Every structure is written in structure tokens, then in C-alpha cells.
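The values are calculated or read from the model by the stated rules, or taken from the named source; none is laboratory data. Quantities reported herein were computed from a predicted structural model and do not represent experimental measurements. Heads up, the Cβs are rebuilt from the backbone with ideal geometry, glycines too, and the neighbour counts pull from every protein chain shown. Quick note on the areas: whole protein, heavy atoms, side chains included, nothing else; ligands and nucleic acids left out. Shrake-Rupley method; radii C 1.70, N 1.55, O 1.52, S 1.80 Å.
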Amino acid sequence: MENNGRNPAGLEGLPPIYSILKGEVVSVQTYGAFVRLPGYRKEGLVHVSEMSASRVEKASEIVDVGEQVWIKVIGREIRGDKVKMSFSMKAVNQGTGRDLDPNNVNAEQDARRRRQFRDQTGNKITLEAVLNTTCSKCGCKGQEEEETQETQIS
């Protein structure tokens, strides 16, 4: 089914992916800052990992509520009945608003790293230690790891 360049259902009315906009910081948490964009009713999160090329411990080290910041839209998704947007400040020059990742190479690499591995079988492998055993290979006493398989409850 073609969408002719339109947003997928539920994502209409949101800024386009990889667009650069200026917004206002409306909330600062330890893990990031929420930014509201003019003309949009939804806020998005700038995670601490997207605030600066340098390591950031707390978002309050970088931004304050009410501050104007340049952001790049790096993610939009629907989880249940919630629409979540992810923004990056490090991809945009905060002085000029110039795109520092014009080909979206860093944004796509980060997105691949964030994707979770999904095991479609529903099984998971856990390792359990068995104490006070003797190794059958070398005769040493101590711990032996054994592999067990459990069915994951979904």
C-alpha cells in the first residue's frame, strides 16, 4: 500500500523525520529534556545521549526550562496509544541551526544501535550456576555453569 509521501496513520500532524526546528524546553529530567515545537501539540524527548557530542550526566547541565534550542527530529513512533518523538540537539549547530549530520548517517547508526533484538520464538536462554560440583573435564571443584531453556511468557 502506497502512502504517497504522507505520514503513516497516527503520525500525521507531526514534524517530518530529520527536519530541523527550534523549540522550547518545557521539562528537564535527569535522563533528558522535553521540547515543545511551535505549531505542534506534541512534545519530544532529547535524551542525554543526544544533547552533546560529549558525555552528559544530567540534562540540567546543558539546558534549562524555557530555553530555546535547535533540534533535529530523529525518531517518531507509536507505542500503544502513545506517539513518541525523539529529538537530537547534537546533530544541529545550536548557534546557527545548521544541520551537522546532513546525510543522517549518525542518526541512522544510532537508531540501529537502539533497536532491540526480538526473538520471535518466545524462548530465552538463562545461565544458572551449580555450586559445589566437580568439573567432569578437569576434575576441579567449584561452580559449573549449565544452560537451561525457559519459555518466555508474553
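Numerical summary
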| quantity | calculated |
| --- | --- |
| Members of segment 1-30 found to be modelled with pLDDT of 95 or more and touching a Leu at 6+ places or on another chain (Cβ under 9 Å), listed by number | 21, 22, 23, 24, 29 |
| Enumerated strands (runs of 3 or more DSSP E) restricted to segment 70-154, each holding at least 3 residues that are open to solvent by 80 Å² or more (accessible area, probe 1.4 Å) and modelled with pLDDT under 60 | 141-151 |
| Matching residues in segment 54-69 - criterion: being hydroxyl-bearing (Ser, Thr, Tyr) and either in a loop (DSSP other than H, G, I, E, B) or touching a Phe, Trp or Tyr at 6+ places or on another chain (Cβ under 7 Å) (or both) | 54 |
| Residue match in segment 43-53 (condition: modelled with pLDDT of 90 or more, on the phi > 0 side of the Ramachandran plot, outside any strand (DSSP E or B) and open to solvent by 30 Å² or more (accessible area, probe 1.4 Å)) | no |
| Residue 56 vs. criteria open to solvent by less than 80 Å² (accessible area, probe 1.4 Å) and at pLDDT below 95 | yes |
| Number of positions in segment 17-42 that are within 23 Å of residue 95 (Cβ to Cβ), open to solvent by 60 Å² or more (accessible area, probe 1.4 Å) and touching a residue at least 24 places away in the same chain (Cβ under 8 Å) | 3 |
